[in-house]
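The values are calculated or read from the model by the stated rules, or taken from the named source; none is laboratory data. Worth saying up front: this structure is predicted, and the values here are computed from it rather than measured. All Cβ positions, glycine included, derive from the backbone under ideal geometry; neighbour counts span all protein chains shown.
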Amino acid sequence: MTDGLTGYDALALGKLIENGEVKPTELLEITIQRIERVNPKLNAVIHKMYDQAREIAEKEPTHGLFGGVPFLLKDLLAEYQGSPFHEGSRAVKGYISKIDTELVKRHKAAGLIVVGKTNAPEFGLLPTTEPALYGATVNPWNPSLTAGGSSGGSAAAVAAGIVPMAHGNDGGGSIRIPASCCGIFGLKPTRGRNPLGPLFGDLGSGLVHEHAVTHTVKDSAALLDATSGPDLGDPYYAPPKERPYLEEVTREVGRLKIGLLTSIPEGWHDQTQLHPDCESAVKDAAQLCQSLGHIIEEISPDQLAHPNLAVTFGQVFSCWTGHVIAYWEKELGRKIKQDELEPVTWASYQAGLKRTGADYLVALEELQRFSRKIAHWYNEGSYDLLLSPTMRIPPTKVGAFQPTPDDPMKWLEVTNSFVAFTRIQNMTGQPAMSIPLFWNDDNIPIGVQFAGRFGDEATLFLLAAQLEQARPWADRKPPIHCSNPEI
């Protein structure tokens, strides 16, 4: 059996509730049925919060554009008081959140009802979702493939139609990569646009950003309207928006100048060539933009090259891993042992411990210099956006990241291919989005990335809405989908 609401996005569901056409309790039960029926094939939802959700749906009046709409929370960073919070780690298993973080407070204020939590890799360190604690989340388009990460549980759930949108966060591509793998929309906002408080001022000196994966562009825009804005004491402040983002998706798009990358600049990765599917996807997107009247200018990758950029990012990232372990040791009141962590986490942790505070600050300063270079490139060339593949390669097989005795660093090689383009905007703080415009011959989505100027989500939403209208992706459903009566 399937329900009759699988084609509705979150805004449409909120309107149905507002008009009295469906009750929050009815919509919640439909969502729970979807989880129970589809999740066993995906392993996307790991904590079921049905009782809490039912109590809210029955007692609280609906409010906001998303009043009464079910929502999934990624089990990383964003905490919901009284619910399990494990961040994909055996070391943290059994922990119960003591507070609602500011972002979750804003989710609730928007009327969203959290019905469960989604799978994530240990501490969000890998761009695949295969934690030893909960097992792999698989791709709804082909269960032998990864759903991406670290927001892979959320992306798989949205792609499979369980919910129209779900929480995600991004420290090197963790919203955009799973969006690309699963054929949905994923936007990483500008640094400081969404809050990380009250527990954190920043993470990795501004590498980590919060938002969501969605099926439609307007859901992403409306949710960012609901959650964005500075929190008291925030160390970063994103430039104020000119108007609500939801208005941007209905405005006429002017003629944009878009720089096109079809190979990887030196220093971003140890390889410069793209997989043929990723090259085809980005060239196809460029042709589509050109047909809509935009100026496409293929740029030399030398313009954006920076020696050892990937290595420098890795230095900062490994120090951040050390911070994560230190945070949890303080919170748990004990030392975390090696056998409680996955080999990749332990290796990153040990690498971070070998770096001094001076090493960290020198690496961070290098990323900041690169950020200035990117900002000047946009200004000097009068570019509105940079178009690139989201990933260097298509989604890999589940298990491809696992180190082996013969190749203990295998995970790093595959990781670098996944994040070659996406981690750039975590360094610079720019907004960027992955859009599902292309499927390869195996019917696997291959996303493309558009990166905007710092603070300019508006242009991204403008273009995304135009592309969504020009080449709709809503009707493309994976084999594992709640509308499939055979599941």
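Helices (runs of 4 or more DSSP H) fully within the range 399-487 that include at least 1 residues being out of contact with any Phe, Trp or Tyr (no Cβ under 7 Å at 6 or more places or on another chain) and among the aromatic types (Phe, Trp, Tyr): 410-419. Mind listing whichever residues of the range 429-452 are over 17 Å from Ile184 (Cβ atoms) and surrounded by fewer than 21 Cβ atoms within 10 Å (Cβ to Cβ)? Passing the criteria: Asp441, Asp442. Does at least one position in the range 223-233 carry a residue that is among the hydroxyl-bearing types (Ser, Thr, Tyr) and either more than 26 Å from Ser151 (Cα to Cα) or without any contact (Cβ under 8 Å) to a residue 60 or more places away in the chain (or both)? Yes, the range 223-233 contains at least one residue that is among the hydroxyl-bearing types (Ser, Thr, Tyr) and either more than 26 Å from Ser151 (Cα to Cα) or without any contact (Cβ under 8 Å) to a residue 60 or more places away in the chain (or both). State which residue is farthest from Ala420 (Cα to Cα) when the search covers only the range 314-369 and only residues that are hydroxyl-bearing (Ser, Thr, Tyr) and assigned to a helix (DSSP H, G or I). Within the range 314-369, the match that is farthest from Ala420 (Cα to Cα) is Tyr327. Of everything in the range 241-269 that is within 22 Å of the chain's Cα centre (by Cα) and assigned to a loop (DSSP other than H, G, I, E, B), the residue that is surrounded by the fewest Cβ atoms within 10 Å (Cβ to Cβ) is Pro244. Just a yes or no: is a residue in the range 6-19 in contact with a helix residue (DSSP H, G or I) (Cβ under 9 Å, 6 or more places away or on another chain), part of a loop (DSSP other than H, G, I, E, B), modelled with pLDDT of 95 or more and of a type in the set (Ser, Thr, Tyr)? Checked the range 6-19: at least one residue is in contact with a helix residue (DSSP H, G or I) (Cβ under 9 Å, 6 or more places away or on another chain), part of a loop (DSSP other than H, G, I, E, B), modelled with pLDDT of 95 or more and of a type in the set (Ser, Thr, Tyr). Confirm whether Pro301 is surrounded by fewer than 19 Cβ atoms within 10 Å (Cβ to Cβ) and closer than 25 Å to Asn426 by Cβ. Considered against the rule, which asks whether it is surrounded by fewer than 19 Cβ atoms within 10 Å (Cβ to Cβ) and closer than 25 Å to Asn426 by Cβ, Pro301 comes out as yes. If we scan the range 197-213, do we find a residue that is acidic (Asp, Glu) and assigned to a loop (DSSP other than H, G, I, E, B)? Yes, the range 197-213 has at least one match. In this structure, does Ser150 turn out to be among the polar types (S, T, N, Q), touching a Lys or Arg at 6+ places or on another chain (Cβ under 9 Å) and under 29 Å from Ala458 (Cβ atoms)? It is true that Ser150 is among the polar types (S, T, N, Q), touching a Lys or Arg at 6+ places or on another chain (Cβ under 9 Å) and under 29 Å from Ala458 (Cβ atoms). The numbered conditions (1) hydroxyl-bearing (Ser, Thr, Tyr); (2) within 20 Å of Tyr383 (Cβ to Cβ); (3) touching a residue at least 40 places away in the same chain (Cβ under 8 Å) are all true for Ser280 except (2).
Yes or no, residue by residue, for (1) farther than 21 Å from Val104 by Cβ; (2) outside any loop (DSSP other than H, G, I, E, B):
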position	(1), (2)
Ala157	no, yes
Gly161	yes, no
Ala166	no, yes
Arg193	no, no
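Considering only residues that are within 21 Å of the chain's Cα centre (by Cα) and closer than 23 Å to Val22 by Cα, which ones fall in the range 91-122? His107, Lys108, Ala110, Leu112, Ile113, Val114, Val115, Gly116, listed by residue number. Restricted to the range 130-142, and to residues there that are among the aliphatic types (A, V, I, L, M) and assigned to a loop (DSSP other than H, G, I, E, B), the residue that is surrounded by the most Cβ atoms within 10 Å (Cβ to Cβ) is Ala136. Kindly indicate the residue of the range 10-27 that is crowded, with 19+ Cβ neighbours inside 10 Å and within 24 Å of the chain's Cα centre (by Cα) and also nearest to Phe71 (Cα to Cα) among those meeting that condition. Restricting to residues being crowded, with 19+ Cβ neighbours inside 10 Å and within 24 Å of the chain's Cα centre (by Cα), the top hit is Ala10.
For (1) on the phi > 0 side of the Ramachandran plot; (2) at pLDDT 95 or above; (3) of a type in the set (Val, Ile, Thr), each residue gets a yes or a no:
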position: Arg423; (1), (2), (3): no, yes, no
position: Asn426; (1), (2), (3): no, yes, no
position: Gln430; (1), (2), (3): no, yes, no
position: Ile435; (1), (2), (3): no, yes, yes
position: Asn443; (1), (2), (3): yes, yes, no
position: Gly455; (1), (2), (3): yes, yes, no
position: Leu467; (1), (2), (3): no, yes, no
position: Trp473; (1), (2), (3): no, yes, no
position: Lys477; (1), (2), (3): no, yes, no
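Within the range 42-90, the set of residues being of a type in the set (Asp, Glu) and in a helix (DSSP H, G or I) comprises Asp51, Glu55, Glu58.
On the given criteria, is Thr272 among the hydroxyl-bearing types (Ser, Thr, Tyr), within 30 Å of Asp359 (Cβ to Cβ) and not in a loop (DSSP other than H, G, I, E, B)? Spelling it out, it is not the case that Thr272 is among the hydroxyl-bearing types (Ser, Thr, Tyr), within 30 Å of Asp359 (Cβ to Cβ) and not in a loop (DSSP other than H, G, I, E, B). One residue stands out in the range 43-90 among those that are β-branched (Val, Ile, Thr) and surrounded by 24 or more Cβ atoms within 10 Å (Cβ to Cβ): the one that is farthest from the chain's Cα centre (by Cα), namely Val69. Of all residues in the range 359-395, those satisfying the criterion of being closer than 22 Å to Ser150 by Cβ and touching a residue at least 60 places away in the same chain (Cβ under 8 Å) are Leu364, Leu367, Ser388, Pro389, Thr390, Met391, Arg392, Ile393, Pro394, Pro395. What number of residues within the range 290-312 are touching a Phe, Trp or Tyr at 6+ places or on another chain (Cβ under 9 Å) and of a type outside the set (Ser, Thr, Tyr)? Counting residues in the range 290-312 that are touching a Phe, Trp or Tyr at 6+ places or on another chain (Cβ under 9 Å) and of a type outside the set (Ser, Thr, Tyr) gives 9.
Per-residue answers, yes or no, for (1) assigned to a loop (DSSP other than H, G, I, E, B); (2) crowded, with 24+ Cβ neighbours inside 10 Å:
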residue: Val92; (1), (2): yes, no
residue: Val115; (1), (2): no, yes
residue: Phe123; (1), (2): no, yes
residue: Thr128; (1), (2): yes, yes
residue: Ser144; (1), (2): no, no
residue: Gly149; (1), (2): yes, yes
residue: Gly172; (1), (2): yes, yes
residue: Pro178; (1), (2): no, yes
residue: Thr190; (1), (2): yes, yes
